[in-house]
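K.L.:
Have a look at the structure that comes next, please.
The values are calculated or read from the model by the stated rules, or taken from the named source; none is laboratory data. Computed from a predicted model, the values in this text were never measured in an experiment. Cβ: placed from backbone, ideal geometry, glycine included. Neighbour counts: every protein chain shown. Quick note on the areas: whole protein, heavy atoms, side chains included, nothing else; ligands and nucleic acids left out. Shrake-Rupley method; radii C 1.70, N 1.55, O 1.52, S 1.80 Å.
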Amino acid sequence: MMDPAAWQAWFEELWALREERLYPQFFDLPPTRAQPLNAAAFARLGVETPDPRFLTHLVLEFPPSPNRPHTLYATSGMSNPWGEDPATLDPKNFSGLGFEFTMHVPQPATWAVELLNWLMAVQLLVATGQLQGQLLEPLDLIPLGGPLGSPQSAITHVLVAPPPSPEDSPCGYPARFALPSGQVDLLLLLGITAREVDFLKSQGPEPLLALLRHRDVFPVTDIARASLV
């Protein structure tokens, strides 16, 4: 294992590559706001004293751009290669947990930051064995236990979806990117209604995603929209 100072420099270079070069390239602009993951998110999950490294994870806010007329949020930290030795890791494997989340919303929203912080906390605790469950994968469905963002919202679930691709959408970006420490998937979190969940369970996720694209809902989570089915 390299000495701590050299390892820290390597680690910080990975972080800077993701946040300062790759994310602005993917999302058109640098972030204008960063919200750290705080201890309260873990306390709500029954962990009063989380690993201090977890509190360095962020939710980054990217403002609208000429290619994207809405706000985008992205997490940063779950792909950190904690404990890895750069001399022995295989960059063809995943870096850290192997993924980060994105979420598109019509305008800046506190509820979106809170949702991303909660899901990051859940995934970190699952990965370290402090919470039962599995790491999220594409097309997983997350029940929220109630309306998202507002009591009047029809959005009650989140679908983990592939992000919009650069080939299909002006606001698209790669579904996977590479760091020197390994591969990272970008997983889009997309809010859907209870009736859309029923449609998904009867028809499958791909027909639902096709419907959301056809009706110009995908990839944005709009808590004010009506159900499409």
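K.L.:
Collect the residues in the range 35-75 that are among the β-branched types (Val, Ile, Thr) and either over 16 Å from residue 104 (Cα atoms) or over 19 Å from the mean Cα position of the chain (by Cα) (or both), keeping them in residue-number order. Write out each step before concluding.
P.N.:
Of the range 35-75, the ones among the β-branched types (Val, Ile, Thr) are 47, 49, 56, 59, 71, 75.
Hits for the range 35-75 are 47, 49, 56.
K.L.:
Would you check if residue 123 is open to solvent by less than 20 Å² (accessible area, probe 1.4 Å), modelled with pLDDT of 95 or more and not in a strand (DSSP E or B)?
P.N.:
Numbers: open to solvent by less than 20 Å² (accessible area, probe 1.4 Å): yes; modelled with pLDDT of 95 or more: yes; not in a strand (DSSP E or B): yes.
Yes.
K.L.:
Would you call residue 168 of a type outside the set (S, T, N, Q) and at pLDDT below 95? If you could, list the steps in order and put the result at the bottom.
P.N.:
Values: of a type outside the set (S, T, N, Q): yes; at pLDDT below 95: yes.
In short, yes.
K.L.:
Which members of the range 186-202 meet the condition of being surrounded by fewer than 20 Cβ atoms within 10 Å (Cβ to Cβ) and either within 23 Å of residue 116 (Cβ to Cβ) or touching a helix residue (DSSP H, G or I) at 6+ places or on another chain (Cβ under 9 Å) (or both)?
P.N.:
If the condition is that a residue be surrounded by fewer than 20 Cβ atoms within 10 Å (Cβ to Cβ) and either within 23 Å of residue 116 (Cβ to Cβ) or touching a helix residue (DSSP H, G or I) at 6+ places or on another chain (Cβ under 9 Å) (or both), then 194, 197, 199 are the ones that fit.
K.L.:
Taking the residues in the range 209-224 that are aliphatic (A, V, I, L, M) and free of Cβ contacts under 8 Å to residues at least 12 places away in the same chain as candidates, determine which candidate is farthest from residue 152 (Cα to Cα). Give the steps one after another, and end with the answer.
P.N.:
Of the residues in the range 209-224, the ones aliphatic (A, V, I, L, M) are 209-212, 217, 220, 223-224.
Then keep just the ones that are free of Cβ contacts under 8 Å to residues at least 12 places away in the same chain; that gives 210, 217.
Values: 210: 26, 217: 19 Å.
Across the range 209-224, the extreme among qualifying residues is 210.
K.L.:
Let me ask another. For residues that are open to solvent by 40 Å² or more (accessible area, probe 1.4 Å) and in a helix (DSSP H, G or I), tally how many sit in the range 44-85.
P.N.:
Pass one, the range 44-85, residues open to solvent by 40 Å² or more (accessible area, probe 1.4 Å): 44-46, 48-49, 51-53, 55-56, 64, 66-67, 69, 82-84.
Then keep just the ones that are in a helix (DSSP H, G or I); that gives 52-53, 55-56.
Selection size over the range 44-85: 4.
K.L.:
Working only within the range 138-175, note down all residues that are surrounded by fewer than 19 Cβ atoms within 10 Å (Cβ to Cβ), in contact with a Phe, Trp or Tyr (Cβ under 9 Å, 6 or more places away or on another chain) and not small (Gly, Ala, Ser).
P.N.:
Of everything in the range 138-175, those that are surrounded by fewer than 19 Cβ atoms within 10 Å (Cβ to Cβ), in contact with a Phe, Trp or Tyr (Cβ under 9 Å, 6 or more places away or on another chain) and not small (Gly, Ala, Ser) turn out to be 166, 174.
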